[in-house]
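First the structure, in the form of structure tokens, and then the observations on it.
The values are calculated or read from the model by the stated rules, or taken from the named source; none is laboratory data. Everything quoted here is computed from the prediction, not taken from an experiment. So basically every Cβ, Gly included, is an ideal-geometry build from the backbone, and we count neighbours across all protein chains shown.
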Amino acid sequence: MTKATVAAVQAAYVLMDREATLDKVEDLVGKAAADGADVVAFPEVFVPGTPLWMQSPDDDWDDAWYSMLLDQAVVVSSAATERLGATAREANVYLVIGVEEREPEGSTIFNSVLYFGPDGTLLGKHRKLVPTWYERLMWGMGDGSTMETYHTPLGRLGGLTCWENRMPLARFFVYSQGIDIWFAPTLSTSDGWIATLRHIAQEGGCYVVGINPCMHVDQIPQNFPNRDRVWRPGKSDDPDWPEQGNSVIVGPDGGIIAGPARHEETILTAEVDLTNARAERNGFDPVGHYHRPDIFRLAVDTRPRPVVVGFEPFEEEANQD
């Protein structure tokens, strides 16, 4: 296949309610598939929502919020990931979705993106390498073991999360894997963010799908703990929209082919043609004929970094046993 339809779902999560948000994911994936989507992508940490309102260093922490986040985070693998896989399988689509992830044991949250195939298989996950600014109060750091892209009949899928997309060496490593459709889930709402995505599209000769959440203040549950602190009225230039949206789909020439969409829940769709993407690389291939490996080389450590590592006993000790 050289052509496919991608869908960027700009929607509101159900704040800190994993099951209700998964209900919404099922509904939205079904709608996108009914409109012909082959790949459906959701925003950063969509399940069960972003904790950025918990992180401002000028406010006191709320233990109830963090306990809620731990309880509602997604474990890989779990009933929640099985449900996401079933959603992809029933709709016969590739599903790309951001989650608040935690290990089965432990209390650190990771900003992760999960990739599912149309048979429901979890193809893999990517953990954001560097949480931005005060995100580091909430999220742990990923490692090089989750920097994969995924070969599919639609082309090679992959990408980076939010400002990670501004890390030149991370981009280069993703380019080196021959990516065709790049997913950039984010919370960023600036015009500069759109410029970043247009640059990546041109630099990598690939399609870029930027996906934002969009949530009005009225969609915050009325009984949410300390609700008046969630969107910080008076500290935003758009106080009625805690999440304003900014989703966009960019072609490999850097041109915008869908969006940007703001202040509305919507599904952006666009046809991608891999022939066009690969043709763009004829003029500029950042990891091929427009690279100088005799001058520049990138070393990437793709080993996982577990917190506990077991060691085999020395040979002498093993023999004594």
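See the values below:
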quantity: One residue from C214, C206 being surrounded by 24 or more Cβ atoms within 10 Å (Cβ to Cβ) and within 21 Å of A11 (Cβ to Cβ); calculated: C214
quantity: Residue within region 93-106 that is more than 26 Å from K24 (Cβ to Cβ) and in a loop (DSSP other than H, G, I, E, B) present; calculated: yes
quantity: Qualifying position, being basic (K, R), more than 27 Å from D143 (Cβ to Cβ), at pLDDT below 90 and within 31 Å of the chain's Cα centre (by Cα), among R305, R278; calculated: R278
quantity: Single unsatisfied condition, A184 versus (1) among the hydrophobic types (A, V, I, L, M, F, W, C); (2) under 18 Å from A7 (Cα atoms); (3) touching a residue at least 60 places away in the same chain (Cβ under 8 Å); calculated: (3)
quantity: Residues of region 1-51 satisfying the condition of being among the charged types (D, E, K, R), under 26 Å from T152 (Cβ atoms) and modelled with pLDDT under 95; calculated: K3
quantity: Test: residue in region 147-163 that is crowded, with 18+ Cβ neighbours inside 10 Å, under 23 Å from N246 (Cβ atoms), touching a residue at least 40 places away in the same chain (Cβ under 8 Å) and of a type in the set (S, T, N, Q); calculated: yes
quantity: Boolean, P233 is more than 26 Å from the chain's Cα centre (by Cα), surrounded by 12 or more Cβ atoms within 10 Å (Cβ to Cβ) and modelled with pLDDT under 90; calculated: yes
